[in-house]
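This report concerns only the one structure given below.
The values are calculated or read from the model by the stated rules, or taken from the named source; none is laboratory data. The structure presented is a predicted model; accordingly, all values stated were derived computationally and were not measured. Cβ placement follows ideal geometry from the backbone for every residue including glycine, while neighbour counts extend to all protein chains displayed. Accessible surface is based on the protein model in full, side chains and every heavy atom, while ligands, DNA and RNA are left aside. Shrake-Rupley method; radii C 1.70, N 1.55, O 1.52, S 1.80 Å.
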Amino acid sequence: MPARCSAPSALAPALILLLACAGRAAAGTPPDSTSVPSSSWSSFLPLMGDMARKHGIELPLPFGAGLVYYHLARDIEISDVRVGRNGAPPVSVSNFANLGSTSNVENLNLKLDVWLLPFVNIYGIVGYIWNSSDTRIDVTVPPLLPAGTPRQLSTVVPTEIEGTVGGVGMTLAGGYGAFFITYDVNLAQADLGFDDRFKAVVTSIRGGWNGRAGDRPLRTWLSVTDWNTFATATGTVVDSDGGTLSFEVDQGPRWRYTYGAGGQYSYNPHLELAVDAGSDFHGGWYLALVPVFRF
């Protein structure tokens with residue numbers, strides 16, 4: 001019987017704004033019946049594929065096109081807010097107000113990927129983000145009377161923003177027997193209506209098992225993801241007096257790492273479905289659904 005390699009299929013991550021980012025991970029794709037026939041038009045990939053086949057390793061279909069639905073809910077830490085009026089340099093107002101945010105993000109991406117080498121997959125994503133946030137503002141104001149105590153005022157400001165996201169990524173894969181491990185890194189940026197686009201680097205490590213459900217391939221895994229989505233939101237708005245108000249907000253995920261589990265099932269050589277879910281264990285969580293067509 002031919003040997004089986006563990007070849008993961010990248011799940012595109014989601015990018016996030018005053019909340020954190022998304023996208024995200026790699027799932028093991030076993031060879032089995034997804035092996036490319038020698039007469040297929042796509043059999044020229046992956047490079048070095050003939051060498052792998054000579055050693056009895058079956059390879060998956062090299063090209064993939066899929067949809068990635070991603071939901072992410074988490075706390076955002078706002079470390080500093082700077083404000084400037086009528087062109088003046090922004091100055092920090094963090095001594096007067098404490099801010100924090102909770103966000104819910106819905107992200108839908110189109111992902112295209114290709115196996116360049118038996119152990120290297122590259123991919124690109126393009127999609128759209130919908131984000132709703134509740135920002136808490138706690139302000140300390142002077143007392144009404146000279147001998148009084150400072151007053152604490154709190155309010156919650158709901159906001160909704162949306163925009164486009166795009167990025168590129170790479171997955172490195174390896175395995176031994178029925179087990180596999182992958183390392184995925186992707187760089188993405190989102191245009192959400194601010195002066196600068198939000199940029200993020202999201203990396204993940206997955207380790208799992210390559211098996212079967214009946215006569216079809218099934219993969220399961222555990223994962224750790226690092227959301228390096230710290231960024232500064234900048235913009236300018238018109239204030240109530242007709243002047244301009246510029247702002248800079250330093251923000252990022254309150255809890256940088258998430259821990260997840262998932263699985264992938266291949267209905268046939270061309271169609272597979274992956275599900276991935278996890279938590280930061282501080283109230284934040286994510287869910288990804290990824291149907292992929294391979295050819």
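Structural remarks
- Multiplying the residue separation of V114 and N268 by 0.36 nm and subtracting their alpha-carbon distance yields 53.6 nm.
- Per residue accessible area of segment 172-295, 1.4 Å probe, in Å²: 48 Å²
- Convex hull projection area averaged over all views, segment 155-220, Cα basis, nm²: 8.1 nm²
- Relative contact order (%) - segment 214-265, alpha-carbon pairs under 8 angstrom, separation at least six: 51 percent
- With R₀ fixed at 30 Å, the C-beta to C-beta distance from A65 to L187 puts the FRET efficiency at about 0.90.
- Taking amide hydrogens as placed 1.01 Å from N in the peptide plane, the amide H of F119 sits under 5 Å from that of no residue at least 5 positions away in sequence or on another chain.
- Sorted largest first, the spans of the alpha carbon positions of segment 71-117 along the three principal axes are 52, 26, 20 Å.
- Share of carbon and sulfur in the accessible heavy-atom surface of segment 172-266 [1.4 Å probe, %]: 60 percent
- The phi-based Karplus calculation (6.51 cos²θ - 1.76 cosθ + 1.60; θ = phi - 60°) puts the 3J(HN,Hα) values of segment 170-187 at 9, 10, 9, 10, x, x, 9, x, 8, 10, 9, 9, 9, 10, 10, 9, 9, 10 Hz, whole numbers, x for Gly and Pro.
- Sequence-separation-based contact order of segment 144-284, relative, with Cα cut under 8 Å and 6+ spacing, percent: 15 percent
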